[in-house]
Amino acid sequence: MKLLITSGIAMLSLLSISCSSHLSPASSAPVYDTASARSTSSQARVLITTGRMRIRVTDVKQATLRAKSIVKEHKGYLAGIDSSDDKSAYADLTLRIPQGALVSVMDGLATLGKITSRNVQVEDVTNRWIDLQAKVKVRMDGSLVETTMGRLILGELLPKAVPFAEINKVMRAQEK
């Protein structure tokens, strides 16, 4: 979510990502076949919803404080801010909003002043994400090994001196 207040105009850009916490952007580095780890049309789609608003306000500082409060009420947070207090005061806020709260936050922010524009876009990024907990089978040293995509990626990052069997080992709570 992004709020830009300039010369009495507030620009708000909202971002909401609807995906589970165990998904990570696909990397071009892994040499393993990731087809089974990629989401398919029969699985949940990974969507990024971006909202933008421009709101004309009379008090930029007060509108900024209220915007932060509205976002906090919806368990969001301020991810970035660019502001100025000179004659043409503005505040450009980037706000991150939990999945499902975007419309409520936009409705709350609409109460700050007069809406001059409001836009919501949804982008399907399913093919750009890999489920790091997806079970996969790979051939290593002539044998078939069952593991997860996350462990394969971790194995690529760690020094070769660390055996993959240690990386792939299932840890129990008492072993941690």
* Full-stretch length increase - residue 84, residue 158 - with 0.36 nm per residue and alpha-carbon distance subtracted -> 22.1 nm
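Over the Cα atoms of region 81-176, what is the Rg over Rh ratio if Rh follows Kirkwood? Don't skip to the end; give the middle numbers.
Values: Rg = 23.8 Å, Rh = 19.0 Å.
Rounded to two decimals, Rg over Rh is 1.25.
Here, each number is a calculation from the coordinates, and none is a lab measurement. The structure displayed is predicted, hence computed values, not measured ones.
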